[in-house]
């Protein structure tokens with residue numbers, strides 16, 4: 001029955017791959033910045049003080065945008081405000097004495113944006129997509145150990161980083177959702193699967209987690225089993241704080257079923273090499289997102305790029321169940337990273353805000369403010 005079910009799923013699934021190579025042929029420093037220097041920075045300089053808050057004097061300023069928000073949408077020149085303005089001859093401004101950009105210059109800017117709006121010419125490939133499959137369900141718990149210790153199968157540890165489209169800059173607070181079949185090739189929720197989980201966990205072998213400040217993630221599970229004719233695989237869905245989404249799958253080196261599987265055949269960047277030690281199998285995978293977002297600052301619960309009393313109010317509301325946080329607010333509010341949002345996180349948040357003025361310690365279960373010369377983490381005195 002399981003075989004027929006999976007065969008029908010494969011037979012009628014639509015394969016959608018999005019392979020976006022970031023092979024940048026346009027170099028920003030030598031080709032794009034000179035255009036801005038010659039035609040734009042008379043007005044767009046000094047933090048954009050002269051025109052719309054937009055500074056075009058450097059790459060970082062260009063990517064930061066202006067009063068209207070981001071002026072560059074990587075890979076999409078038509079929806080990039082900067083291209084729209086120069087293409088419509090709105091900029092350089094009429095009467096400025098500066099000639100409009102030439103067609104070649106406008107096309108070069110468009111090409112640069114469509115190649116990812118990178119700072120330097122390099123070769124950096126986005127992680128390719130894969131099918132979502134029929135077994136994804138919302139609501140998986142926040143956890144990095146998604147297999148119970150008694151779950152049958154070989155223990156598997158996967159770690160890596162979630163990076164921006166330059167293949168270097170980390171994305172913090174990206175949500176990673178993981179699900180896969182058990183050792184017998186059976187998915188929880190949709191099938192009656194044998195399990196070693198004594199609590200009969202509804203979300204067995206499913207979980208979600210967040211990347212840390214360095215973009216690092218890790219999870220522990222078991223090596224997924226086969227179901228004919230698919231190779232072993234793990235489903236992944238990554239959502240950045242800016243809501244860029246990557247749906248993909250991980251496969252494993254030397255899997256004999258990969259050769260006949262159309263999805264695995266096109267997943268060269270997602271085939272993991274495993275090493276074994278006394279605890280189980282280990283593998284690493286870096287995910288390159290189509291994103292230029294740095295991610296979330298811990299403590300910035302309202303995402304205004306400030307950490308202040310408004311975040312404390314939100315945090316108290318979350319703890320008192322007066323506010324239902326979204327996934328990313330859960331990450332931002334769990335400041336000490338213990339998966340629980342409680343009074344300790346309030347103390348941590350106050351420490352961050354007070355920074356160089358006070359620290360807060362716990363003595364005899366009472367919170368005490370103490371003068372401090374630098375920011376520190378919460379201290380507990382037994």
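Centre-to-centre, using Cα atoms only, region 328-350 and region 267-319 are separated by 15 Å. One chain, two ends: residue 78 and residue 242. Fully extended at 0.36 nm per residue, the span grows by 57.1 nm beyond their Cα-Cα distance.
Taking label points 7 Å from Cα along the Cα-to-Cβ direction, residue 25 and residue 259 give a separation of 3.7 nm.
Among 347, 62, sorting on how many other beta-carbon atoms sit within 10 Å of each Cβ, with the fewest leading, yields 347, 62. Full extension of the chain between residue 64 and residue 159 gives 31.1 nm of extra length, using 0.36 nm per residue less the Cα-Cα distance. Round to the nearest 0.05 the FRET efficiency obtained for residue 111 and residue 200 when R0 = 51 Å and r is the Cβ-Cβ distance. E between residue 111 and residue 200, to the nearest 0.05, is 0.35. Using the Cβ-Cβ distance between residue 99 and residue 343 with R0 set to 45 Å, the FRET efficiency works out to roughly 0.10. Placing pseudo-labels 7 Å out from each Cα toward the beta carbon at residue 38 and residue 213 gives an inter-label distance of 4.3 nm. Each part gets one Cα centre, and for region 157-173 versus region 138-154 those centres are 22 Å apart.
Readers should treat all values here as calculations from the given coordinates under stated rules, not as data from a laboratory. Please read these numbers as outputs of a predicted model, since none were measured by experiment. In this analysis, Cβ positions are derived from the backbone assuming ideal geometry, glycine residues included, and neighbour counts consider all displayed protein chains.
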